Each structure stands twice: as structure tokens, then as C-alpha cells.
1. Can you confirm whether segment 35-46 contains a residue that is of a type in the set (Val, Ile, Thr) and under 18 Å from residue 83 (Cα atoms)?
2. Hey, can you tell me all the residues within segment 47-64 that are over 28 Å from residue 80 (Cβ atoms) and in contact (Cβ under 8 Å) with a residue 12 or more places away in the chain?
3. List, please: which pairs have Cβ atoms under 7 Å, are six or more places apart or on different chains, and start with a residue in segment 9-34 that is under 13 Å from residue 53 (Cβ atoms) and end with one that is among the polar types (S, T, N, Q)?
4. So which of 7, 41 ends up being under 9 Å from the mean Cα position of the chain (by Cα) and basic (Lys, Arg)?
5. When the residues of segment 79-91 are narrowed to those that are closer than 18 Å to residue 2 by Cβ and touching a strand residue (DSSP E or B) at 6+ places or on another chain (Cβ under 7 Å), which ends up surrounded by the fewest Cβ atoms within 10 Å (Cβ to Cβ)?
6. Just checking, how many residues over segment 60-75 are in contact with a Gly (Cβ under 8 Å, 6 or more places away or on another chain) and in a helix (DSSP H, G or I)?
7. What number of residues within segment 1-59 are part of a loop (DSSP other than H, G, I, E, B) and open to solvent by 30 Å² or more (accessible area, probe 1.4 Å)?
8. Determine if segment 60-73 includes at least one residue that is over 12 Å from residue 7 (Cα atoms), among the polar types (S, T, N, Q), touching a helix residue (DSSP H, G or I) at 6+ places or on another chain (Cβ under 7 Å) and open to solvent by less than 90 Å² (accessible area, probe 1.4 Å).
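The values are calculated or read from the model by the stated rules, or taken from the named source; none is laboratory data. Being a predicted model, the structure only gives us computed values, none of them experimental. Cβ coordinates were reconstructed from backbone atoms using ideal geometry, including for glycine residues, and neighbour counts include every protein chain displayed. Side chains are part of the model used for accessible areas, which takes the heavy atoms of the whole protein and leaves out ligands, DNA and RNA. Shrake-Rupley method; radii C 1.70, N 1.55, O 1.52, S 1.80 Å.
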Amino acid sequence: VTVLDVRSAEEFNGPDGRVADSLLIPLPELESRAGEIPTDRPLVVLCHSGSRSALATQQLLKAGRQQVANLRGGLSRWAAEGFPLDGVVQA
């Protein structure tokens with residue numbers, strides 16, 4: 001699976017961290033950079049809370065992309081459920 005993070009670069013590199021090996025393409029750049037997304041495996045889209053990734057998921061589906069899912073709850077849910085994150089800054 002490819003994990004596509006549609007947050008800003010500042011968020012991606014910020015204290016909340018990121019999913020290991022995720023691909024960063026901020027939502028405003030998604031249409032122009034869609035060719036960078038691998039097409040040979042399913043795609044899971046995430047952001048901080050799940051709202052931007054829901055928009056990105058719909059955009060990708062409308063563009064004809066198959067096997068796209070939104071990670072509901074986003075990175076916040078991922079972390080709350082105890083899944084690992086890279087780059088997290090501990091308080």
C-alpha cells in the first residue's frame with residue numbers, strides 16, 4: 001500500500017510526525033503532482049484529522065484512480081491507536 005500524506009510540508013516535518021515511508025503531496029498540489037503517486041498498489045490518503053484527505057480521496061476517485069481510501073480521523077487517530085510515527089517530537 002502507498003500512504004499519501006496531503007498535509008503541508010511544515011506539518012509533515014513538524015512535531016506531530018508522519019507515517020513511515022509516506023509520500024508527501026500537499027492537497028493544493030495534488031492535481032499537478034498526481035503522476036508521482038504509484039499506481040501499482042492501493043492508496044491510503046491521510047492528513048491531520050481526515051477532512052483534507054477526504055477531499056483528496058474524492059479528487060483521486062473522480063480522476064479515475066482505483067483502490068483509494070481515506071484514513072478517517074487522520075494522523076490524530078493513527079497516533080491515538082498507538083501506531084508508530086516517524087519524527088515525533090516528545091514534549
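1. Yes, some residue in segment 35-46 is of a type in the set (Val, Ile, Thr) and under 18 Å from residue 83 (Cα atoms).
2. Across segment 47-64, the qualifying residue is only 63.
3. Here the result reads 23/2; 26/8; 30/59, each pair linking segment 9-34 to a residue that is among the polar types (S, T, N, Q).
4. 7
5. Result: 86.
6. Counting residues in segment 60-75 that are in contact with a Gly (Cβ under 8 Å, 6 or more places away or on another chain) and in a helix (DSSP H, G or I) gives 2.
7. First, the residues of segment 1-59 that are part of a loop (DSSP other than H, G, I, E, B): 1, 6-8, 13-17, 19-22, 25-26, 37-42, 47-50.
Those still in the list that are open to solvent by 30 Å² or more (accessible area, probe 1.4 Å) too: 1, 8, 13, 15-16, 20-21, 38-42, 48-49.
Residues flagged as part of a loop (DSSP other than H, G, I, E, B) and open to solvent by 30 Å² or more (accessible area, probe 1.4 Å) within segment 1-59 amount to 14.
8. Yes: one or more hits.
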